[in-house]
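Notes for the one structure printed next.
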Amino acid sequence: MKEIRFHGRGGQGAVTAAELVAVAAFEDKKFSQAFPAFGVERRGAPVMAFARISNVPIRIRSQVYEPDYVLVQDVTLLDVVDVDSGLKSEGMIIINTDRPTNQLKLKTDAQLIVLDATRIAMEVLGRPIVNTTMLGAFCGATREVSLGSINKAIAERFKGELGRKNLLAIKMAYERVST
Amino acid sequence: MMKVVEGSYAVAHAAMCCSPDVVSAYPITPQTHIVEHLSQLVADGELRAEFLTVDSEFSALSVLVGVSAAGGRSYSSTTSQGLALMYEVLYNVSGMRLPIVMTVANRALSAPLNIWNDQQDSIGARDVGWIQLYSENVQEAVDTTVQAYKIAESLEIMTPVMVCMDGFILTHVYEPVELLDKEQVADFLPPYRPTDILDPQNPKTFGAFADPSTYTEFRYLQYEAHLKALSKIENVAKEYAEVFGRDFGGLLDAYQADDAEIIIVTMGSVVGTIKEAIDGLRAEGTKVGLVKIRSYRPFPAQALMKELKNADVIAVIEKDICVGNEAALLTDIKAAFYNSNLRMPIIGFAAGLGGRDITIKDIRKAVEKASAARKGIESQFEFLTLRKEIL
């Protein structure tokens, strides 16, 4: 089983990102689960969401404490949240940032992937909503879900122009971390 | 077709498949998504029902009293403070023998304000005369919704049902669910055909007045209907399994309980985490099992004793606290055993209150304490993850 923790701020779509991973993983014929750790649901407040992907039905309901993967949608969270808490050393953390990696205060030995998802989102969507862009990076860097299934999940969730734009943002992030 | 959807959507879809005539709705976290989805299904023409938005939970259930008494099938959902506000109406519904089905998205009670999951809300309403069925996962909540109507509307039962599902943990989770087929549900669940309804052409009164010469008998009939529901719940679950191919148990379900020395008894979504914990403990040689209570009311005392009779010790884990005594399920189990010849230690734990996460580590701690209780009970009841440092 692979466990993923999403860190974001209220309004950035971290919960949606977790849900989309669950939908895509199921599309890949795996079992999946996604759920939020709801706090007080205010815009801008730190939020967490979780996803699990497994080859067998998932029964566990507790939160994810030792994730294989961590996605951080907002680099300013590093100042207020232990985003790498419990992250497995053989795991991976993907951070949306334009800061150089040596300026990121992390305690983990896990692989670090950075990308400027905000820039991609602004360029493609015209808004700093990075959840789908980060999914493209997750997909490219981990291959835990297929790009085709992520795209299908996105197309189901976001219709029309918005859907097409999100697919483009995903593609850009996917290629950015794959090369 | 199996799909990854939100728990609230799956339950709303299940309610739709039962073709209620009226859905009443008042929003309250974490139940709101259920009625929002139903509102959408009505607006999209997928569900032909009257969708009533009301001014409070008191009204949400009160309008369903009218609907049900007039012979309609009705649905609503609520949680926590909302269920508390319905308290007076809950008794009216069961007393008038109206087979309303309502989802309770289990949540903690104020004060202090807390929107997260525990089961204090429905446990607090355990004596209102409703049948209470608890769900382990989203699929069970879906399937139980259909079963609930069949049980409630059986003429020998005519008793309302709460389908309890843990708030957030099940209402907000995305997981694979087999969504129901409306026609298949219609075949399984016949139209509601009550023998007595409010009808201007044939005037009758429901629940108006019973003086001391008859009130006891009204209560006895409710008590008797719950006794009959014990076998009805089992039979409907079996019948459902035959048609839909899924079986989550009738009154209860057991996991690795046959040769278990330590048996955990619980209700709701923590069952999944406990099953994981049990697999780990069994791999280490600890003989642990689980009995999941599906039907808390009526309480399956006989079925429970049959499952637990060979255990050395029983650990009850529950998401409620009866301040002034212990916790509800623990008391019920002890009461059921007192007049039997079963004399193993029974210890209880309140856990997961106000949304505190329950981990495999927590379950192992409860099992350790249960194991120690075989040599003599140190504590009959405690809070499993009490943070003594902040008291």
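Annotations
- Listed values for the range B:155-162 are Karplus-derived 3J(HN,Hα) couplings in whole Hz (6.51 cos²θ - 1.76 cosθ + 1.60, θ = phi - 60°), namely 4, 7, 9, 6, 9, x, 10, 9, and x replaces Gly and Pro.
- Computed per residue of chain A from DSSP H runs no shorter than four, each worth -39500 (n - 2.57), the mean residue ellipticity at 222 nm is -11500 deg cm²/dmol.
- Taking every DSSP beta bridge that has both ends in the protein assembly as shown, the antiparallel portion is near 35%.
- Alpha-carbon centroid distance for the pair the range B:221-300 / the range A:160-177, whole angstrom: 46
- Applied to the range A:124-137, the Karplus parametrisation 6.51 cos²θ - 1.76 cosθ + 1.60 on θ = phi - 60° returns per-residue 3J(HN,Hα) values of 8, 8, x, 9, x, 9, 9, 4, 6, 4, 5, 5, x, 5 Hz, with x for Gly and Pro.
- Under Karplus coefficients 6.51, -1.76 and 1.60, residue-wise ³J(HN,Hα) of the range A:46-55 in Hz, glycine/proline x: x, 10, 10, 9, 10, 9, 10, 10, 8, 7
- For chain B, the solvent-accessible area with a 1.4 angstrom probe is 41 square angstrom per residue.
- Per-residue average of Cβ from other chains inside 10 Å of A:54-67: 5
- Equivalent ellipsoid of chain B: semi-axes from √(5λ) of the C-alpha gyration tensor, largest first, are 34, 23, 20 Å.
- Nonlocal amide H pairs with B:G348, under 5 Å, H built at 1.01 Å: B:V316, B:F381, B:E382
- Mean ellipticity per residue at 222 nm, deg cm²/dmol - from DSSP H runs of n ≥ 4 across chain B, formula -39500 (n - 2.57): -12500 deg cm²/dmol
- Other protein chain C-beta atoms within 10 Å of residue C-beta, averaged over B:166-175: 5.
- Protein heavy-atom surface of the range B:2-244, 1.4 angstrom probe: 54% of the accessible area is carbon and sulfur, with nucleic acids and ligands not counted.
- Peptide A:27-36 - average C-beta neighbours from other chains (10 Å radius): 4
- Amide H contacts of A:V70 (H built 1.01 Å from N, under 5 Å, at least 5 apart or other chain): A:R5, A:M92, A:I93, A:I94
- Between A:G86, A:G44, A:G13, the GNM of chain A built on Cα springs shorter than 10 angstrom shows A:G44 fluctuating the most.
- Surface exposure of the range A:56-179, expressed per residue as accessible area with a 1.4 Å probe, stands at 48 Å².
- The A-B contact accounts for approximately 1900 Å² of buried accessible area, totalled over both chains at a 1.4 Å probe radius.
- Largest-first ordering by accessible area, 1.4 Å probe, given options B:H33, B:H172: B:H33, B:H172
- Gap separating the Cα centres of the range A:87-155 and the range B:307-385, nearest whole Å: 44
- Highest mobility in the GNM of chain B, judged by mean-square fluctuation with C-alpha springs under 10 Å and restricted to B:Y134, B:Y338, B:Y26, is found for B:Y338.
- Highest mobility in the GNM of chain B, judged by mean-square fluctuation with C-alpha springs under 10 Å and restricted to B:D259, B:D247, B:D211, is found for B:D211.
- Rolling a 1.4 Å probe over the protein heavy atoms leaves B:T103 with an accessible area of roughly 0 Å².
The values are calculated or read from the model by the stated rules, or taken from the named source; none is laboratory data. On a predicted model such as this, the values are computed, not experimentally measured, just so you know. Neighbour counts are summed over all protein chains in view; Cβ atoms, including those assigned to glycine, are modelled from backbone coordinates with ideal geometry. Ligands, DNA and RNA are excluded from the accessible area calculation, which covers all protein heavy atoms including side chains. Shrake-Rupley method; radii C 1.70, N 1.55, O 1.52, S 1.80 Å.
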